[in-house]
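The values are calculated or read from the model by the stated rules, or taken from the named source; none is laboratory data. Everything quoted here is computed from the prediction, not taken from an experiment. Positions of Cβ are backbone-derived with ideal geometry, glycine not excepted, and every protein chain shown enters the neighbour counts. All accessible areas refer to the heavy atoms of the entire protein, side chains included, with ligands and DNA or RNA removed. Shrake-Rupley method; radii C 1.70, N 1.55, O 1.52, S 1.80 Å.
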Amino acid sequence: MEFKETLHPESGEIKNRIVNYWTKRSHSFCDLREKEQYSDTGKAWLNEIQSNIPAKKPLKILDVGCGTGMFSLMLSALGHDVTGIDLTEHMVLHARELARKQNSNATFYCMDAENPDFHDNTFDVILTRNLTWTLPHVDQAYAKWYQLLKNGGVLLNFDADYGHDSCNKNISELPPEHAHCSMPKDMLQECEAIKSQLTISSKTRPSWDMELLSSLGYKEVSADTNISTRIYKDHNEFFNPTPMFLIRALKPCN
């Protein structure tokens, strides 16, 4: 099967702004996620994923907004058939570099999370981390992911209500080695400016997401708001001061 790679999407000023922001962060982000993959935090992430997906192997998994591929690489190493997509080309290039380095079978494409170019009913699992808060059209993304899931497929969305939090405020809560502590002030300001343009930043999450998912046909929609206490046991370089949640939803079998 051939897939279109959206390397330079014509999707409006806000998406271009988001791509530019993450392009600037891609190299340091790659280093951080590679370290996290092999850390206790990475192991905790993998445990959360495994406890929320079917036990059978191999599962066909789509990692949306994969960044430099941490989840994709870990799940591929367990024998799953994993595809990662990201809107930022530099993230995808780093993910492919790490895949070669780790002899991983995970594949990576540059695609828009709101409109991935795959056939309907393709994936057993779609998962994403820290993505939906960046999407201008989250309803479009959720609807498209529903189409891509097989009947009985699972959606896992790890995210946080970043729209109601401030990067600048959180700096004081972070350890000195954390990436945000070394980020230039203009980058932090750019992150805040992007959030101010996104409709999702004004929503109350995860309840808003849950209502939307239910309206789109997802079943057994639930939210786990205690995930940060299990993932971030230490205030280290991987620590996230904004409480995260896990939204889990199923596409019905009929």
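At a probe radius of 1.4 Å, what is the per-residue accessible area of residue 164, in Å² to the nearest 10?
Rounded to the nearest 10, the figure is 110 Å².
HN-Hα J couplings of the stretch 239-254 from phi, Karplus 6.51/-1.76/1.60, θ = phi - 60°, integer Hz, Gly and Pro as x?
For the stretch 239-254, the Karplus curve yields 5, 10, x, 8, x, 8, 9, 10, 9, 10, 8, 10, 8, x, 6, 8 Hz.
Roughly how many nanometres apart are two label points built 7 Å out from the Cα toward the Cβ at residue 39 and residue 97?
2.0
For the chain, just the Cα atoms, rotate onto the principal axes and tell me the three extents in Å, largest first.
Largest first, the chain extends 49, 40, 38 Å along its Cα principal axes.
Taking 0.36 nm per residue of sequence separation and subtracting the Cα-Cα distance, how much length would be gained by fully extending the chain between residue 164 and residue 253, in nm to one decimal?
28.5 nm
What's the center-to-center distance, using Cα atoms, between the stretch 194-237 and the stretch 50-82 in Å?
One Cα centre to the other: 20 Å.
Take residue 117 and residue 197, extend 7 Å from each Cα along the Cα→Cβ direction, and tell me the distance between the two endpoints in nm.
According to this spin-label approximation, the distance is 2.4 nm.
What residue among 113, 95, 44 has the largest mean-square fluctuation in a Gaussian network model of the chain, using Cα springs under 10 Å?
Ranking 113, 95, 44 by mean-square fluctuation puts 44 first.
So how much accessible area does residue 162 have, in Å² to the nearest 10, using a 1.4 Å probe?
Approximately 30 Å² of residue 162 is accessible to the 1.4 Å probe.
List the lysines whose alpha-carbon lies under 28 Å from that of residue 101, not counting same-chain residues fewer than 8 positions away?
4, 24, 35, 43, 56, 57, 60
At a Cα cut-off below 13 Å, give the aspartates and glutamates reachable from residue 233, other chains included and same-chain residues fewer than 8 away excluded.
Straight-distance partners of residue 233: 40.
Grab the Cα-Cα distance for residue 229 and residue 215, subtract it from 0.36 nm times how many residues apart they are, and report the gain in nm with one decimal.
That works out to 2.1 nm of additional length.
Can you tell me which of 141, 193, 55 moves the most in a GNM of the chain? Springs connect C-alpha atoms under 10 Å apart.
Greatest mean-square fluctuation among the candidates belongs to 55.
Per-residue accessible area for residue 239 at 1.4 Å probe radius, Å² rounded to 10?
20
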